[in-house]
Amino acid sequence: MTYRLYLKHGKEESLKRFHPWVFSGAIARIDGEPEEGEVVEVYTAQKEFIAKGHWQIGSIAVRVLTFDPEEAIDREFWKRKLTTAYEMRRSIGVADRSDNTTYRLVHGEGDNLPGLVIDIYERTAVMQAHSAGMHLVRMEIAQALREVMGDTIDSVYYKSENTLPFKADLYPENGFLTGDNKNNIAVEYGLKFHIDWLKGQKTGFFVDQRENRALLERYAKGRTVLNMFCYTGGFSVYAMRGNAKLVHSVDSSAKAIELTNRNIELNFPGDTRHAAYAEDAFKYLERMGDQYDLIILDPPAFAKHRDALRNALQGYRKLNARAFEKIKPGGILFTFSCSQAVSKENFRTAVFTAAAQSGRSVRILHQLTQPADHPVSIYHPEGEYLKGLVLYVE
Ligand code: SAH
């Protein structure tokens, strides 16, 4: 059955500009009672069709899949969408490389597939549903993925235990949908990484920092590096290849420190330039000396929601202030925020305030963001979440 949902008067404006969400407050009424995750058709108050998408209870009530009334949401639909995503990654030189087998194939709204994330690690696709709708069609998507990617992948791992709303009673279980690839070593720009898709954060790796890590490598030569919030040690491994003098990795999670050490060992066995410490960031920054002249600050999202914004900005300010106090003259600071709720301007103001507090001369060398395989739909600017600044501190 087709469920029809009618908007309040004038609430179709954002959909006319192809924004892919319908907020619950915009809805006047629904014909029938769709289950969470089912496809609903959206109509204006004047009863004109405007979009169709996955229904869910919550502030975002519909995640739009198509604006075309004729387009069916079936197996061919998923195949078409995945083909478009794959073709894009191939045409921009991210997919099908021997020196880089780690990339994001589907980035939610950025690939017109709200609620779906797929990362590729060597021959395994790790799929994550952020909506009930994507959860319900996971097998169809996995099948379409096998057809589109051919023999470039042999396994699809599903990892949505922590990304789906628990109230929806979906009880997702992490596990392989097809295949059971045990090889979890993938390559990023020629460097090897253990990807922990079973227990790791996100899909097991922070694919989104690839280009920023590559940039860091260019600045690492001869420097004493602190990689704060290191997780899998991504930035550390690049710093090592970039001929850093010394690299220290810090994370409060012992598991992350273990992963970092494994990844360093995988690429630079026996190299004594690296050491890793399981410690709280603020404590470490407080007690450390002034030996570092390249510092990376890549904290977890301080603000997961808008209401946490004020505290988040304080957090960024305090964190960066510590780095400005301690970094050696002529030092370089790579500082990031991955909170969607924090805008580029907000983040820059927080870092600016921290710099001013230190009284040091600070220049912006680069303004960083997420890489091309994490595209932002021009109709969905909220999709731009990763912000970074590279600063030269006198
Ligand atoms: N830079 C990483 C990603 C960082 S994710 C990369 O390139 O892959 C954020 C990390 O911060 C997580 O590993 C988490 O364990 C760590 N973390 C969270 N709170 C922390 C704290 N107070 N002190 C130190 N590390 C913390």
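We did not get these values from a lab; they are worked out from the coordinates using the rules stated. In this text the structure is predicted, and so the values were computed from the model without any measurement. Heads up, the Cβs are rebuilt from the backbone with ideal geometry, glycines too, and the neighbour counts pull from every protein chain shown.
So what's the angle, to the nearest 10 degrees on a 0 to 90 scale, between helix 138-149 and the longest Cα principal axis of the chain? With rounding to tens, the tilt is 70 degrees.
For the set LYS79/LYS182; LYS16/LYS52; LYS159/LYS387; LYS79/LYS192, the pairs lying more than 19 angstrom apart at their alpha carbons are LYS79/LYS182; LYS159/LYS387; LYS79/LYS192. The calculated pair-distance distribution of the chain uses every alpha carbon pair, bins of 10 angstrom beginning at 0, and gives 5, 22, 29, 24, 14, 5, 1 percent.
The peptide list 270-276, 124-130, 377-383, put in order of mean Cβ contacts within 10 Å with the highest first, becomes 124-130, 377-383, 270-276. Annotation: aspartates and glutamates with alpha-carbon distance below 17 angstrom to LYS328 (same-chain offsets under eight excluded): GLU286, ASP290, ASP293, GLU394.
In percent, how large is the relative contact order of segment 107-197, given Cα pairs closer than 8 Å and 6 or more residues apart? Reported as a whole number, the value is 26 percent.
How would you order 138-148, 7-17 from highest to lowest mean count of nearby Cβ atoms within 10 Å? Show your work: numbers first, answer last.
Values: 138-148: 18.5, 7-17: 14.8.
Per-residue Cβ counts within 10 Å, averaged per peptide and sorted highest first, yield 138-148, 7-17.
Relative protection proxy for 35-41, 111-117, 307-313, from highest mean packing down: 111-117, 35-41, 307-313 (other beta-carbon atoms within 10 angstrom). Simple rule: put +1 on each Lys or Arg Cβ and -1 on each Asp or Glu Cβ in segment 181-254, find the dipole, and look at GLY200, SER249, THR224; the Cα lying farthest toward the positive end is THR224.
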